[in-house]
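Participant: For reference, the structure I am asking about is given below.
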Amino acid sequence: MEISVIIPVYNKASFIEKCLDSIFSQDFPSFEVVAVDDGSTDGSGILCDRWAAKEPRLHVYHIPNGGVTAARRFGVEHAEGRYIMFADADDQLTVHSLKQMHEAITQSGADEVIGPYVDQYDKCHDSGFRGLVACEPLVRDLLATRNSFCVLWGIIFKKELLDGCLGAPRAIVEREDSLMQIKCLMKSPKVFFIGEPAYLHYEDIPNSRVEDLNMIRVYDKELRQTLSPQWERYRTAFVHHQIKVYEKFIDKRQFHVLDEYYRPLRQQLDKSIPLADRVALLLPPRISYLFVHYYKMWRKRSS
């Protein structure tokens, strides 16, 4: 078995069949799909079981709800492929995805292969990276939330690279895929970029996840521990990451977060932090909101 495609499934009944169809329409001969039903209550697991009854390459597991990271880890533990790809249940693989990703990783000898992705509006998100790329710029882009490449989904990994990288506290419900990728990159793997999109990512899909300060504290602790072997290299990038998350809170008019958590960041600013982000943190939150909110609106319209 060459490739195992892992799909964590939680209440995605409206999307899962299109996801499965995009995978089982692939022209690659040696793959399996491991769908992990993470305690769905909307019939997603039943739909997966129906597909499995007619598709022997689909293996469905039903587990109590433990979050997407735990579901991915469970899937990898039960996978038989030499290589692993992740797909979210509300996304799809592009035509020839498995074939092109397999060719790229076997021919390059890389530990993981990453590429651009397209969204449901036919926009291609392309970082411009090609060939072998050092890990440091990728970590920095992920920390600054400015990456235009697949994060964890839509990437092909050597299975052994994922060892020890799929663990995070249950409280983390946002950006857990970026955290898992950073854990992989901290191993200094050989990373190869292709130019052809292999993944269709649906953006702005509503979900019930709540990003609050409790989660952020847990996330920051886990992230700092992950970066600790190279802390001096990434310390400023970690601060920049915290500011970007702060801006998201301010954009939602959650002004209390400054005094409850983020005010100490003002003492850690230096010129390595982009000027716009320094200004957003130094201004009073209600004034910063105007700056952040309208800047985000402008960026969205111009993209």
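The values are calculated or read from the model by the stated rules, or taken from the named source; none is laboratory data. From a predicted model like this one, the values you see are computed outputs, not experimental measurements. Quick reminder, even Gly has a Cβ in these numbers, built from the backbone with ideal geometry, and neighbours come from all protein chains shown. Just so you know, the surface numbers come from the protein's heavy atoms only, side chains and all, with ligands and any DNA or RNA stripped out. Shrake-Rupley method; radii C 1.70, N 1.55, O 1.52, S 1.80 Å.
Participant: Out of (1) open to solvent by less than 30 Å² (accessible area, probe 1.4 Å); (2) out of contact with any Gly (no Cβ under 7 Å at 6 or more places or on another chain); (3) of a type in the set (Phe, Trp, Tyr), the odd one out for residue 193 is which?
Facilitator: (2)
Participant: Among the listed residues 84, 172, which satisfies the condition of being closer than 30 Å to residue 40 by Cα, within 14 Å of the chain's Cα centre (by Cα), aliphatic (A, V, I, L, M) and buried (at least 17 other Cβ atoms within 10 Å of the Cβ)?
Facilitator: None of the other options fit; the residue is 172.
Participant: Just for helices (runs of 4 or more DSSP H) wholly inside the stretch 173-259: which have at least 3 residues that are hydroxyl-bearing (Ser, Thr, Tyr)?
Facilitator: Working: elements: 176-185, 213-227, 231-251.
Output list reads 231-251.
Participant: Next question. May I ask you to list the residues in the stretch 230-289 that are over 27 Å from residue 188 (Cβ atoms) and hydroxyl-bearing (Ser, Thr, Tyr)?
Facilitator: 246, 261, 262, 288, 289
Participant: Checking residue 117 against (1) at pLDDT 95 or above; (2) touching a helix residue (DSSP H, G or I) at 6+ places or on another chain (Cβ under 6 Å); (3) within 25 Å of residue 241 (Cβ to Cβ), only one condition comes out false. Which one?
Facilitator: (2)
Participant: Now for a separate question. What number of residues in the stretch 1-55 are in a loop (DSSP other than H, G, I, E, B), open to solvent by less than 30 Å² (accessible area, probe 1.4 Å) and closer than 13 Å to residue 99 by Cα?
Facilitator: Matching residues across the stretch 1-55 total 2.
Participant: For the stretch 118-157, name all the residues that are on the phi < 0 side of the Ramachandran plot, open to solvent by 20 Å² or more (accessible area, probe 1.4 Å) and under 13 Å from the mean Cα position of the chain (by Cα).
Facilitator: 141, 146, 147, 148
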